[in-house]
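Student: Starting off with a structure, shown below.
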Amino acid sequence: MAWRSGGATNTALIDNLLRNHLLSSPALAVAFKSVDRAHYAPTDPYADSPQPIGFRATISAPHMHANAAEALLPYLKPGGKVLDVGSGSGYLTRVFAEMVKPGGKVVGVDHISELVEMSIQNTQKSVEGKALLDTGVLRFVRGDGRIGLNGEGPWDAIHVGAAAKGLHEELVEQLANPGRLFVPVEEESGGQWIWVVDKDESGKVTRKREYGVRYVPLTDHPGERG
Ligand code: SAH
């Protein structure tokens, strides 16, 4: 199922995701169609597969981006605040910004400064992307996303685009009431599972293990490895 949604154009790719029920929200479909994946994926942008973007990172496959956005959908509202950890190419961060505008705030965090720079350049390839950066709706910053972005939350939605070692309580703490965290977690067996962590209006936290996935790991900065 993973590879069959590719298309010849950006619109065809998103239409195929809809047809294959990998995407169902009309609002998300509009957001995805308004962002040309070719601005973010250097090779085969309309294939439903991950593509290398350098620095051992990949832009995730379109159906994975669709899954993540669908999971966070109730929290992607105009005026909302979204944190994208491991923002890489900047593609999904940009789609989130389409969902929260006007107003709203989306910050992509990546620990590789070259990727942060690349995500800004990718986003500047369109007038609409540039406007999101210029108005401050969308920002990309360098940092260790495992600790979130202190002082700027709370976040209605936090997306983690790389596999974590645990549920990172700092991220849960930075969720708004209500808010939702979407995070792939690596288990001791070596498998990875999506966890969805919800914080309700009263601050009560519930954690749900969803489905098996394969993401690149959330790591120490490469320069810090021993
Ligand atoms: N959502 C991105 C996924 C990029 S791959 C996209 O689709 O383009 C995962 C990203 O996580 C990489 O860019 C990598 O540099 C970043 N990453 C890994 N560990 C990190 C950490 N501790 N803090 C911030 N970013 C991290």
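The values are calculated or read from the model by the stated rules, or taken from the named source; none is laboratory data. The shown structure was predicted, so the numbers you read here are calculated from the model rather than taken from an experiment. Reconstructed Cβ throughout: ideal geometry from the backbone, glycine too, with neighbour counts over all protein chains shown. These area figures cover heavy atoms from the full protein model, side chains too; ligands, DNA and RNA do not enter into them. Shrake-Rupley method; radii C 1.70, N 1.55, O 1.52, S 1.80 Å.
Student: With a 1.4 Å probe and all protein chains left in place, how much of the accessible area of region 66-213 comes from carbon and sulfur atoms, in whole percent?
Tutor: Percent of accessible area from carbon and sulfur atoms in region 66-213: 51.
Student: Rounded if a/c is under 1.5, else prolate if a/b beats b/c, else oblate: with a ≥ b ≥ c from the C-alpha gyration tensor eigenvalues square-rooted, which is region 75-226?
Tutor: oblate
Student: Taking 0.36 nm per intervening residue step and subtracting the Cα-Cα distance, what contour gain separates LYS125 from SER113 on full extension?
Tutor: Extra length available between LYS125 and SER113 comes to 2.4 nm.
Student: Can you tell me the order of 55-62, 25-32 when each peptide is scored by its average per-residue count of other Cβ atoms within 10 angstrom, highest first?
Tutor: Final packing ranking: 55-62, 25-32.
Student: On to the next question. Using θ = phi - 60° and the Karplus curve 6.51 cos²θ - 1.76 cosθ + 1.60, what whole-Hz ³J(HN,Hα) does each residue of region 212-218 get, with Gly and Pro shown as x?
Tutor: Per residue, the Karplus-derived 3J(HN,Hα) values read x, 9, 9, 10, 6, x, 7 Hz.
Student: How would region 76-134 be classified by its alpha-carbon gyration tensor: rounded, prolate or oblate, with rounded meaning a/c under 1.5 and the a/b versus b/c comparison settling the rest?
Tutor: Oblate shape, in that a/c is at least 1.5 and b/c is the bigger or equal ratio.
Student: Now for a separate question. Could you tell me which of rounded, prolate or oblate describes region 1-102, using a ≥ b ≥ c as the square roots of the eigenvalues of the alpha-carbon gyration tensor, with rounded for a/c under 1.5 and, failing that, prolate when a/b is larger than b/c and oblate otherwise?
Tutor: oblate
Student: Would you calculate, for the chain, the mean residue ellipticity at 222 nm contributed by helices, counting each DSSP H stretch of 4 or more residues as -39,500 (n - 2.57) and dividing by all residues, to the nearest 500?
Tutor: -8000 deg cm²/dmol
Student: Still on this structure, I have one more. Given the peptides 83-93, 194-204, arrange them by the average over their residues of other C-beta atoms within 10 Å, most packed first.
Tutor: Highest-to-lowest ranking by the protection proxy: 83-93, 194-204.
Student: Who wins for biggest fluctuation among PRO74, PRO184, PRO50 in a Gaussian network model of the chain, springs between alpha carbons below 10 Å?
Tutor: PRO74
Student: Tell me which aspartates and glutamates have Cα within less than 19 Å of LYS101's Cα, excluding those fewer than 8 residues away on the same chain?
Tutor: Within the straight-line cut-off, LYS101 pairs with ASP36, GLU70, ASP84, GLU128, ASP134, GLU152, ASP156.
Student: Hey, another quick one. With r as the distance between the Cβ atoms of LYS165 and LEU73 and R0 = 22 Å, compute the FRET efficiency 1/(1 + (r/R0)^6) and round to 0.05.
Tutor: Once rounded, the FRET efficiency stands at 0.25.
Student: Another question about this same structure. Along the Cα→Cβ direction, 7 angstrom out, place labels at LYS204 and GLU188. What is the inter-label distance in nm?
Tutor: Distance between label points: 3.0 nm.
Student: Going through the cross-link list LYS125/LYS204; LYS33/LYS199; LYS130/LYS208, which pairs have a Cα-Cα distance over 32 Å in this structure?
Tutor: LYS125/LYS204; LYS130/LYS208
Student: How much accessible area per residue does the chain have, counting only protein heavy atoms and a probe of 1.4 Å, in square angstrom?
Tutor: Counting only protein heavy atoms, the per-residue value for the chain is 45 Å².
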